[in-house]
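S.K.: Take this structure first; my questions come after.
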Amino acid sequence: MTINDYTVVCADDPERLSEKVSAALKDGWKLYEAPYCATNKNLIVCYHCQAMVKDGPIHPPVRALGRTP
């Protein structure tokens, strides 16, 4: 699989995360790894997150820095 795009979907609670992930899946995104909980510096707020990707060729093609085709 070639990853074309990457995003992280986050929500304040698991139910809302499920809604957001379901919407992203319908839009062509795929799950990437397991969901996780990210906290703020004081460990007071937990954000439920899911990384998601879209695969396919990258447009425009990415070139290495300092090189020309």
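The values are calculated or read from the model by the stated rules, or taken from the named source; none is laboratory data. Fair warning: this is a prediction, and the values are worked out from it, not measured in the lab. All Cβ positions, even for glycine, are placed from backbone atoms using ideal geometry, and neighbour counts span all protein chains on display. Surface accessibility is based on the protein's heavy atoms, side chains included, excluding ligands, DNA and RNA. Shrake-Rupley method; radii C 1.70, N 1.55, O 1.52, S 1.80 Å.
S.K.: Among the numbered criteria (1) open to solvent by 70 Å² or more (accessible area, probe 1.4 Å); (2) in contact (Cβ under 8 Å) with a residue 40 or more places away in the chain; (3) of a type in the set (S, T, N, Q), which one does Gln50 miss?
M.R.: With (1) open to solvent by 70 Å² or more (accessible area, probe 1.4 Å); (2) in contact (Cβ under 8 Å) with a residue 40 or more places away in the chain; (3) of a type in the set (S, T, N, Q) applied to Gln50, the lone miss is (1).
S.K.: Also: Tell me yes or no: at least one residue of the range 3-21 is at pLDDT 85 or above, open to solvent by less than 60 Å² (accessible area, probe 1.4 Å) and in a helix (DSSP H, G or I).
M.R.: Yes, that holds for at least one residue.
S.K.: I would also like to ask the following. For a quick check of your reading of the model, give me the residue pairs whose first member lies in the range 29-40 and is under 10 Å from Tyr6 (Cα atoms), whose second is among the charged types (D, E, K, R) and assigned to a strand (DSSP E or B), with beta-carbon atoms closer than 6 Å and at least 6 apart or on different chains.
M.R.: Taking only residues 6 or more apart or on different chains, the pairs are Trp29/Lys54.
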